[in-house]
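Nothing in this text is a laboratory measurement; each read-out follows from the coordinates by a stated rule. Keep in mind that this is a model prediction, so the values were computed, not measured. Ideal geometry is used to build each Cβ from the backbone, glycine not excepted, and the neighbour counts take in all protein chains shown.
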Amino acid sequence: MSVPPDASGADEHCVLVTGEDGIVAARQYSREAAKGLGFGLVDQSRIATAVSELARNVVRYATGGRGEVRIRALRAPDARTGIEIVVCDEGPGIPNVDQAMRDGFSTGHGLGMGLPGTRRLMDEMSIDSALGRGTTVTIRKWRR
Amino acid sequence: MARVPIVRLGEVLIATVQDELYDQDALQLQEDLGGLLERGSARGVLLDFSAVATVDSFLARLIGVVAATARLLGAETVVVGLQPAVAVTLVELGLALPGVRTALNADKGLALLSSRPPDVRSS
């Protein structure tokens, strides 16, 4: 689940997540961005839902429920268009990323579908987490 | 944020969920429906999702909780108007709303509720 660092983005939107307003704002921005990049309705829904899951994790787990969502356009070497969303926080970090990626695993009274579900909705996903320092989740979707 | 309006049509409570539902509104809806069902005479709940573009795991879970709560209070729940893109996303997310009845639109949902045999508790 690695994301190659080949992306060259143009304009980038940044949404500060500081509670459930941030969840709604983040998914609205990402849906608008996906729409602007020519993604279809189903992909718009997948992307907005994935962002909603990740932003919700920030509110639920991160220190003070604060984090950041950065959205930008991608252009692959083969000219495909994509979208990249980076969700980061300075929370406690994920002790075991492999475990967190498993269906049904949750430490926060959720359904445990957030991270594995997000992985299924997107084309690429990588998680960089350090205990006590925070978590950065990067997701990408390419237009077909 | 905006409270989800609930109207009564015969024995059915109809909640039309707006786009970009806030968590707080969703929880309020659950509470409002519980209160209305407690007062009796409703035996159906119709949740209209036709205006909702994003259903994440929180909202999907809440739909299940509302349906289960309503059932314990003697009412059947039908979710109507799910957008195709939302349906695809929910299946991929792994949350296909098991145990929740669905119908394509409000008309079909109401037909489903009215065709239901009388409630055992009220007979």
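Computed over chain A, the alpha-carbon pair-distance distribution with 5 angstrom bins reads 2, 11, 21, 24, 21, 13, 6, 2, 0, each value a whole percent. Rounded to the nearest 20, the size of the Cβ-charge dipole of chain B about its Cα centre is 500 debye, with Lys and Arg at +1 and Asp and Glu at -1.
Rounded to two decimals, the Cα-based Rg/Rh of segment B:78-119, with Kirkwood Rh, is 1.06.
Membrane-span-like helices in chain A (whole DSSP H runs, Cα extent of at least 18 Å along the helix axis, mean Kyte-Doolittle hydropathy of at least -0.5): A:41-61. The Kirkwood radius of segment B:6-116, taken over pairs of alpha-carbon atoms, gives through the Stokes-Einstein law at 25 °C and 0.890 mPa s a diffusion coefficient of 178 µm² s⁻¹. About the centre of its Cα atoms, the protein assembly as shown shows a dipole size close to 520 debye [charges on the beta carbon of Lys, Arg (+1) and Asp, Glu (-1) only; nearest 20 debye]. The convex hull around the C-alpha trace of the protein assembly as shown, projected and averaged over every direction, spans 14.5 square nanometres.
The simple spin-label model puts a point 7 Å past each Cα toward its Cβ; for B:ALA68 and B:SER115 those points are separated by 2.8 nm.
Go ahead and run the numbers for FRET between A:ARG75 and A:CYS14, Cβ-Cβ distance against an R0 of 22 Å, rounding to 0.05. So, using R0 = 22 Å, E works out to roughly 0.65. Computed about its Cα centre, the charge dipole of segment A:12-142 is approximately 220 debye, with only Lys, Arg, Asp and Glu carrying charge at their Cβ. Split chain B at each of the trypsin sites (Lys or Arg not before Pro) in a DSSP loop with at most 13 other beta carbon atoms within 10 Å, and the longest piece is B:40-123. Among B:VAL78, B:VAL91, a tally of other beta-carbon atoms within 10 Å of each Cβ gives an order, fewest to most, of B:VAL91, B:VAL78. Here the simple spin-label model places points 7 Å from the Cα toward Cβ, and for B:GLU11 and A:LEU131 these points are separated by 5.8 nm.
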